[in-house]
Amino acid sequence: MIVERKSGWRLLIIGMAFVVCLLTPGPANAEDGYRLWLRYDPLRASDIAGYKIRVTALVIQGNSATLAAIRRELSDGCSGLLGTEVPNAADAGKAGSVIVGTPESSSIVAGLKWQTELARLGPEGFRIRSLKLGNHAVTVIASNGETGALYGAFHFLRLMQTLQPIDKLDIAQKPRLQLRMLDHWDNLDGSVERGYAGRSLWNWEALPGTVDPRLRDYARANASIGINGSLLNNVNASAQILTPEYLRKVAAIAEVFRPLGVRVFLSARFSAPMELGGLKTADPLDSAVAAWWKKKADEIYHLIPDFGGFVVKANSEGQPGPRTYNRSHVDGANMMAAALAPHHGVVIWRAFVYDMRPGYDRAGAAYENLQPFDGKFAANVLLQVKNGPVDFQPREPFHPLFGGMPKTQLMPELQITQEYLGFSNHLVFLASMWREFFDSDTYARGPGSTVAKVVDGTLEGQHLTGIAGVANTGTDRNWTGHDFLQANWYAFGRLAWNPDLASPQIAGEWIKMTFTRDPQTIETLSRIMIESHEAVVDYMTPLGLHHLMWGGHHYGPAPWWNTFERDDWNPVYYHKADARGLGFDRTETGSNTLSQYHAPVRKEFADEATCPEKFLLWFHHVPWDYRMRSGHTLWDELAQHYQRGVNWTRATRREWDALAGAIDPERHTAVAKKLALQERDAVWWRDACLTYFQTFSQRPLPAGVEKAAKTLEEYKAKSLVRR
Ligand code: GCW
C-alpha cells in the first residue's frame with residue numbers, strides 16, 4: 001500500500017512538472033544568461049500602456065546591412081517588450097511610428113532639416129525626439145551615420161527596458177571617447193590569457209569558412225553599449241595572425257562585426273618582419289623593416305578596408321621591441337604608424353613597460369620609460385596606459401602618466417577580466433573602481449584636471465581619444481562565467497561612452513535589463529553591487545596593500561612569496577613587512593616615485609596625515625602602532641578591514657538567499673554557488689594574510705576578528721585555484 005501511495009504521489013508530481021514545463025519557456029528561453037542585458041521579455045501590462053501608443057510601427061527606410069540590423073533589433077525588441085508584433089511600415093502614416101535613419105537613408109529624416117545638429121553629433125551620435133509629423137505623434141531616431149542610428153535604436157530600447165517615459169523625448173548624445181575597445185588576450189590555440197569564462201570566442205580552425213553565429217550576438221551586445229572596436233588577439237602576440245591565411249580569417253570576423261559598428265584591431269608582434277618576412281632585423285629605422293610593415297598594412301586594408309590598427313606590447317615582459325635594437329619606443333611606434341597612416345589606421349602603443357633594475361620601484365617604471373617622449377609620438381599613435389602604476393590591482397592610485405604627458409594621446413587600459421579580483425568567482429562591480437579612477441584629480445592644469453578630462457581630450461585638446469577594456473568574455477554560455485560579471489562588460493561600455501556616468505545609474509540600468517524590475521530587489525542588488533568593490537579590497541588588499549597574490553595564476557593570497565627570479569614579481573617586494581611596520585615607502589625617504597605626480601597630489605600623498613588611508617601602505621611604510629584616523633592602531637585596523645570584507649560576503653550570501661523568490665531559479669542557484677566560493681576565498685585571504693603579517697607585528701588580533709583555522713605553514717602549503 002505504502003509503495004502504491006508513493007508511486008501515486010510520484011505520478012502526481014510528474015504530472016505537475018509536465019504542466020509547469022508546458023507553461024514555462026523551453027530551453028531557448030532558459031535563464032542561462034546568454035541574452036545578457038538584451039532580454040526583450042514582455043513588460044507588465046501596466047508598464048506597457050504608455051508605450052503601446054508610441055510604438056505602433058517601425059519606419060526604417062533604406063537597405064544597408066546596418067539598417068537591416070536596426071530593423072531586426074527594434075522589431076525583436078519592441079515586439080518582445082510590448083508583447084505584440086510591431087510591424088514595419090514604408091511611411092510614417094500612423095501615430096506611434098518610430099522612424100530611424102540618416103539624412104541619406106531616410107527621406108523623412110532628411111526632411112526634418114536637422115543637418116546642423118546631426119553634424120554636431122557626428123556619425124556615432126544620435127538625436128531622439130518625439131514630434132508631430134502631419135497630425136501624427138511619432139518618434140524620430142536620427143544620426144548622420146548608420147552606426148549612430150543603431151546606437152540610438154539601442155538607447156530607445158533601453159528606455160523601455162528600464163521603464164523610462166518615451167512620450168516627450170528630446171535626447172542628443174554622442175560618445176565622449178572615440179575608440180571604445182574590448183581587448184581580447186586570446187591566443188590562436190583557443191586559450192585566453194587571464195580568461196575565466198571558457199575558451200576564445202574565435203574559432204580559428206573553422207574560420208573563414210564557418211563563422212560562429214555567436215559572433216554576431218557578441219557584436220550586438222557591444223553595439224548596444226557603444227563599443228566600436230575589438231582587439232582579437234593577445235598582446236603577447238604570435239606573428240602568425242599577420243599571415244595571409246589568418247588575415248582571411250580576421251576578415252571573415254570583420255564582416256560579421258561591420259554592420260554593428262565594431263572594427264577589428266590586431267596585436268602586432270614587433271619582430272614579425274623577421275618571423276614572417278625573413279628579415280635579419282626588426283630595427284624600426286631599417287628601411288626594409290619599414291617597407292615590410294607598409295606592405296603588410298596595405299595587404300590588411302585590401303582585405304579589411306575599415307581595419308582599426310595595431311596594438312603593440314613592446315619591450316615588456318620579454319616581448320620584442322625597438323629597445324632590442326637600441327631604438328626608442330617612439331622610433332618603433334612612429335615607424336608602424338607611418339605604415340597605417342595612409343589608411344587612417346592607428347597604433348596603440350602600450351606603456352606597460354617595467355624592465356627590472358636593482359633597487360628600482362616598478363610603480364615608477366612606465367613613467368620613467370615613456371614620459372620623456374611626450375610630444376614625440378605621431379598623430380595616429382595612442383599610448384595605452386593601465387589605470388594604475390602597477391598592474392590592475394584591486395585598488396591602485398591613478399597612473400602618474402595621466403596628467404604627465406600633455407602632448408600625447410593617452411588611452412586608458414582597464415581590466416574587465418578579474419585577473420587579480422578572484423577570477424569569475426567573485427562578485428565585484430568594477431564601475432565603482434573605474435569611477436574612482438576617472439574622478440582622480442591629476443592637477444595637471446590646476447584643480448579639476450580629472451583623469452576623465454585628460455582622457456576625453458578636453459584638458460589638453462587632444463584630437464584622438466580612446467579607451468580599452470581587457471575583455472571578460474569567453475565561450476561560457478553566460479559569456480562571463482558569473483552572471484553578475486556581465487555588469488562589468490556593460491559598465492565598461494557605458495563609461496567609455498560617457499566617463500561621467502555614476503555607478504548607481506549603471507548598476508540600476510543593468511539590473512533592470514538583466515534581472516528584475518522589482519524596485520525592492522533592484523535596491524538590494526544595486527547596494528550589493530556598489531558595496532562589492534570596497535568589500536573585495538577589504539578582504540584582499542586593504543589600506544593600499546597590493547600584489548599579495550599567489551604565483552603566476554594570481555588567485556588567492558601568498559604575501560610570503562619571495563622565490564620568483566624577478567624581485568618585482570614577489571609579494572614581499574610590495575608590502576615590505578618587517579618588525580617595524582608595513583608598506584612601500586614611495587616618498588622622498590624611499591623610492592620617491594611619488595615625485596611623478598603634480599605638486600598638490602604629491603603633497604597630499606606624501607604626508608601620512610593627509611594621504612587617503614586607502615592608499616596609505618601604497619605610499620608609506622607605516623609602524624604597526626601608527627594611529628589611524630579612527631584611533632585604532634594600523635595593525636588593529638588592518639585586521640578589522642579583513643574581517644569586514646569577510647562579513648560582507650556572509651551578509652551578501654544571506655541577502656541573496658532571501659531573494660530566492662525574486663530571481664529566476666537557474667541564475668539564483670548559479671550565483672549562490674559563486675557567492676559560496678567568494679566567502680570561502682575571503683576567509684582564506686583574511687586568514688593567510690593576517691597569520692603571515694602577525695609574524696611581524698607580533699600583536700594579537702583585535703576583538704571581533706576571527707582566528708585563523710590553520711597554521712601559516714598550512715596556508716603556504718597549497719594554492720587553491722578554482723575557476
Ligand atoms: O597583468 C599582466 C598579466 C599578463 C599580461 C600583462 C600585460 C598579457 O599578468 O598576463 O599579459 O599584464 O598587460 O601585458
| message | more than 16 Å from the ligand (Cβ to nearest atom), more than 21 Å from L177 (Cα to Cα) and hydrophobic (A, V, I, L, M, F, W, C): which single residue out of F423, F373, F392 fits that description? | response | F373
| field | Matching option when the condition is assigned to a loop (DSSP other than H, G, I, E, B) and buried (at least 22 other Cβ atoms within 10 Å of the Cβ), among H533, H547, H553 | value | H547
| query | Can you name the residue in region 624-654 that is of a type in the set (S, T, N, Q), part of a helix (DSSP H, G or I) and open to solvent by 20 Å² or more (accessible area, probe 1.4 Å) and is also nearest to V671 (Cα to Cα) among such residues? | reply | N647
| field | Candidate set: region 152-189, residues that are closer than 28 Å to K249 by Cα and open to solvent by 10 Å² or more (accessible area, probe 1.4 Å); chosen: the one farthest from the ligand (Cβ to nearest atom) | value | Q178
| request: Show the residue pairs that are 6+ apart or on different chains and have beta-carbon atoms under 9 Å apart, the first residue being within region 190-202 and under 12 Å from N472 (Cβ atoms), the second being among the small types (G, A, S) and open to solvent by 30 Å² or more (accessible area, probe 1.4 Å). | output: V192/G198
| Applying the selection to region 665-693, what residues are over 27 Å from the mean Cα position of the chain (by Cα) and surrounded by fewer than 19 Cβ atoms within 10 Å (Cβ to Cβ)? | P665
| query | Do we have any residue at all in region 396-411 that's out of contact with any Pro (no Cβ under 7 Å at 6 or more places or on another chain), more than 16 Å from the ligand (Cβ to nearest atom), over 21 Å from H598 (Cβ atoms) and open to solvent by less than 10 Å² (accessible area, probe 1.4 Å)? | reply | no
| message | Give me the strands (runs of 3 or more DSSP E) completely within region 99-174, filtered to those with at least 1 residues that are out of contact with any Gly (no Cβ under 8 Å at 6 or more places or on another chain) and among the charged types (D, E, K, R), ordered by residue number. | response | 126-133, 170-173
| remark: The condition of being at pLDDT 95 or above, within 16 Å of the ligand (Cβ to nearest atom) and over 28 Å from the mean Cα position of the chain (by Cα) holds, among R327, R323, R350, only for R323
| query | Can you tell me which of L133, L112 is surrounded by fewer than 22 Cβ atoms within 10 Å (Cβ to Cβ) and farther than 21 Å from Y51 by Cβ? | reply | L112
| task | Report whether or not A290 is under 32 Å from the mean Cα position of the chain (by Cα) and closer than 18 Å to V346 by Cβ. | result | no
| What do you reckon, is K386 within 13 Å of the ligand (Cβ to nearest atom) and within 17 Å of L410 (Cα to Cα)? | yes
| request: Go through the residues of region 708-719 one by one and say whether even a single one is touching a residue at least 60 places away in the same chain (Cβ under 8 Å) and in a loop (DSSP other than H, G, I, E, B). | output: yes
| said: With the requirement that a residue be surrounded by 14 or more Cβ atoms within 10 Å (Cβ to Cβ) and away from the ligand (no atom under 16 Å from the Cβ), what does region 556-579 give you? | reply: P557, P559, W560, D567, V572, H575, K576, A577
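The values are calculated or read from the model by the stated rules, or taken from the named source; none is laboratory data. This one's a predicted model, so the numbers in the text were calculated from it and none came from an experiment. With ideal geometry, Cβ positions are generated from the backbone for all residues, glycine too; neighbour counts draw on all protein chains shown. All accessible areas refer to the heavy atoms of the entire protein, side chains included, with ligands and DNA or RNA removed. Shrake-Rupley method; radii C 1.70, N 1.55, O 1.52, S 1.80 Å.
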